[in-house]
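Shown next, in structure tokens, is the structure this report addresses.
The values are calculated or read from the model by the stated rules, or taken from the named source; none is laboratory data. Bear in mind the structure is a predicted one, so any value in this text is a computation, not a measurement. Ideal geometry is used to build each Cβ from the backbone, glycine not excepted, and the neighbour counts take in all protein chains shown.
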Amino acid sequence: MPFTLVLPDAYPLVLLTAVGTYWLNFWQMSRVGRARGKAGVPYPLAYATEEQAKSNLAAMQFNCAQRAHQNTLEHMPFVILGTLVTGLRHPRLAVVMGLSTIIGRAIYTLGYMTGDPKKRMRGNVHYIGTAGLLFASTWTVISLIRESPTILTSLF
């Protein structure tokens, strides 16, 4: 039996929010590139050495920018998928949670890039969005399965 999925009218806003993660990534990449240049860390090195970071604030700031970007990349698959799935049934919630994650990650990055890793905590609001998307997307999938009782029997 076919499964029909109708997208909510607000779904383009969900897509726009997901695309916002690309812009966040691009912005972070540019910040890392600038910090790399100021620190004088050559490619292919991913980080300045511990000695460089201790003696040179620019090197520490580069390491922090690099780590903020990598940490964001670790979160993005969850955020993008969670936004797209949640938006199937709860588009406004998906947009709010997705934007809170994007804005929180930007604040996280700016704090981290000061060279004081503790200042990244200012952006921890992103965890509210990420956790919200985790639970909302899980509930959305469960709801879709419950609405189509034959979906499970069609697997066997």
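Close contacts from the stretch 20-44, counting a first residue that is more than 28 Å from residue 129 (Cα to Cα) and a second that is outside any helix (DSSP H, G or I) and small (Gly, Ala, Ser), with Cβ to Cβ under 6 Å and a gap of 6+ residues or different chains, come to 39/48; 41/48. I'd like to know if the stretch 93-113 contains one or more residues that are closer than 20 Å to residue 24 by Cα, out of contact with any Phe, Trp or Tyr (no Cβ under 7 Å at 6 or more places or on another chain) and basic (Lys, Arg). Checked the stretch 93-113: at least one residue is closer than 20 Å to residue 24 by Cα, out of contact with any Phe, Trp or Tyr (no Cβ under 7 Å at 6 or more places or on another chain) and basic (Lys, Arg). Of the residues making up the stretch 18-46, those that are touching a Lys or Arg at 6+ places or on another chain (Cβ under 9 Å) and among the polar types (S, T, N, Q) number 2.
What residue, among those in the stretch 111-126 that are assigned to a helix (DSSP H, G or I) and surrounded by fewer than 16 Cβ atoms within 10 Å (Cβ to Cβ), is modelled with the highest pLDDT? Step by step, filter the stretch 111-126, then rank; the result is 118.
Kindly indicate whether any position in the stretch 79-88 is part of a helix (DSSP H, G or I) and over 20 Å from residue 14 (Cα atoms). Walk me through it before giving the result.
Of the stretch 79-88, the ones part of a helix (DSSP H, G or I) are 79-86.
From the residues that got through so far, the ones that are over 20 Å from residue 14 (Cα atoms) too are none.
No, the stretch 79-88 has no match at all.
Residue count for the stretch 26-80 under the criterion of being exposed (fewer than 14 other Cβ atoms within 10 Å of the Cβ) and either at positive phi or in contact with an Asp or Glu (Cβ under 9 Å, 6 or more places away or on another chain) (or both): the result is 1. Residue 17 - would you say it is buried (at least 18 other Cβ atoms within 10 Å of the Cβ), part of a helix (DSSP H, G or I) and out of contact with any Leu (no Cβ under 9 Å at 6 or more places or on another chain)? So residue 17 fails the test.
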